[in-house]
Amino acid sequence: MPPLANLPIAANVAVIGASGGIGAEFVRQLSTVSHVAQVHAFSRAGTDIVDDKVLSHAIDITDEDSVHQAALAASAEAPLDVVIVATGMLHGHSIQPEKSLSQIDPQAMLDVLQVNAVGPALVAKHFLPRMRRDARTVFAALSARVGSIADNRLGGWASYRASKAALNMLLKTAAIEQARRFPECIIIGLHPGTVDSGLSKPFQRRVPEGQLFTPETSVTHLCRVIDGLSPTDSGRCFAWDGSAVEY
Ligand SMILES: NC(=O)c1ccc[n+]([C@@H]2O[C@H](COP(=O)([O-])OP(=O)(O)OC[C@H]3O[C@@H](n4cnc5c(N)ncnc54)[C@H](OP(=O)(O)O)[C@@H]3O)[C@@H](O)[C@H]2O)c1
């Protein structure tokens, strides 16, 4: 079965973070689906995917006007059927995940919260009103199991964990509000497993043998998870194997 088999004919799809390991693979897989008409691929860096169905656009999710313009561009021809938010930050210029609270740097923490929580909230603010109203639609944001408060047994990575916990709460809140006017819209967080990408690269030594997914494997699993969801699942977070991630 092709990915996202139960989408409407001529589905209009947007992927935010299309330059990333997971985002680029979503663009690649979704552009192969016969009933997907258009994949709007948003990134700062640009994508190197060349395909008739893929339209590349610029976005900076820390800039609300950029997010607003992106939402207008993605929905100019048709309302949106699927939005995948695959942006995120774990480390970067002078940002490293904290091993202990003594390493908390306020500016680094704010930067991580801005990209991982505020950015997706702005995407939700501007993209959700532009989803199709009369059909099953999906808004999925890449979260992470380490954002689960109930599952936190190791500590560490305070900023990243807090940013993903905040994202999960924002998705739950958005799901409640969206259901009032778009009852068939499914809003979820996704845990992709540990995936070989720039984000995970410095931390891959600790990953047990055989548990580091390629982006292709992870996205294949995530599309299967999305396919199996119904509006009653909205507001929850699911892992790559379809199991619910507790908050
Ligand atoms: N890889 C894993 O093992 C793993 C595990 C659990 C969860 N996740 C989550 O999965 C998501 C994708 O991760 P990945 O592994 O694909 O990471 P990645 O390869 O580093 O991709 C991250 C993406 O986020 C984009 N981005 C960052 N800041 C942005 C901004 N201000 N505006 C627009 N785009 C911005 C990057 O775009 P630029 O190229 O323009 O910077 C890039 O496209 C993240 O939310 C991550 O937390 C990943």
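The table below gives the values:
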| read-out | value |
| --- | --- |
| Evaluation of R153 against (1) of a type outside the set (A, V, I, L, M, F, W, C); (2) out of contact with any Asp or Glu (no Cβ under 9 Å at 6 or more places or on another chain); (3) within 30 Å of A10 (Cα to Cα); (4) outside any helix (DSSP H, G or I) (one fails), failing number | (3) |
| Complete set of residues in region 159-182 that are away from the ligand (no atom under 15 Å from the Cβ) and part of a helix (DSSP H, G or I) | M169, K172, T173, A174, A175, I176, E177, Q178, A179, R180, R181 |
| Matching residues in region 94-117 - criterion: being farther than 27 Å from V67 by Cα and within 16 Å of the ligand (Cβ to nearest atom) | E98 |
| One residue from P106, P120 being within 18 Å of G147 (Cα to Cα) and either in contact with a Cys (Cβ under 7 Å, 6 or more places away or on another chain) or at pLDDT 95 or above (or both) | P120 |
| Flag if A239 is on the phi < 0 side of the Ramachandran plot, more than 9 Å from the ligand (Cβ to nearest atom) and either touching a residue at least 40 places away in the same chain (Cβ under 8 Å) or buried (at least 16 other Cβ atoms within 10 Å of the Cβ) (or both) | yes |
| Residue that is nearest to the ligand (Cβ to nearest atom) [pool: residues in region 15-55 that are polar (S, T, N, Q) and surrounded by fewer than 18 Cβ atoms within 10 Å (Cβ to Cβ)] | T32 |
| Of all residues making up region 118-146, the number that are within 12 Å of the ligand (Cβ to nearest atom), in a helix (DSSP H, G or I) and in contact (Cβ under 8 Å) with a residue 24 or more places away in the chain | 6 |
| Single residue of region 56-93 satisfying the filter (within 11 Å of the ligand (Cβ to nearest atom) and small (G, A, S)) that is surrounded by the most Cβ atoms within 10 Å (Cβ to Cβ) | A86 |
| Pair list, Cβ < 8 Å and 6+ apart or interchain, from region 190-216 residues that are more than 22 Å from I226 (Cα to Cα) and free of Cβ contacts under 8 Å to residues at least 60 places away in the same chain to residues that are near the ligand (Cβ under 9 Å from one of its atoms) and of a type in the set (D, E) | Q204/D196 |
| Single unsatisfied condition, G198 versus (1) in a loop (DSSP other than H, G, I, E, B); (2) within 15 Å of the chain's Cα centre (by Cα); (3) within 22 Å of D111 (Cα to Cα) | (2) |
| Candidate set: region 188-211, residues that are among the small types (G, A, S) and out of contact with any His (no Cβ under 8 Å at 6 or more places or on another chain); chosen: the one farthest from the ligand (Cβ to nearest atom) | G210 |
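The values are calculated or read from the model by the stated rules, or taken from the named source; none is laboratory data. Here the structure is a predicted model, which is why all the values come from computation and not from measurement. Methodologically, a virtual Cβ is constructed for each residue, glycine included, from the backbone with ideal geometry; neighbour enumeration extends over all protein chains shown.
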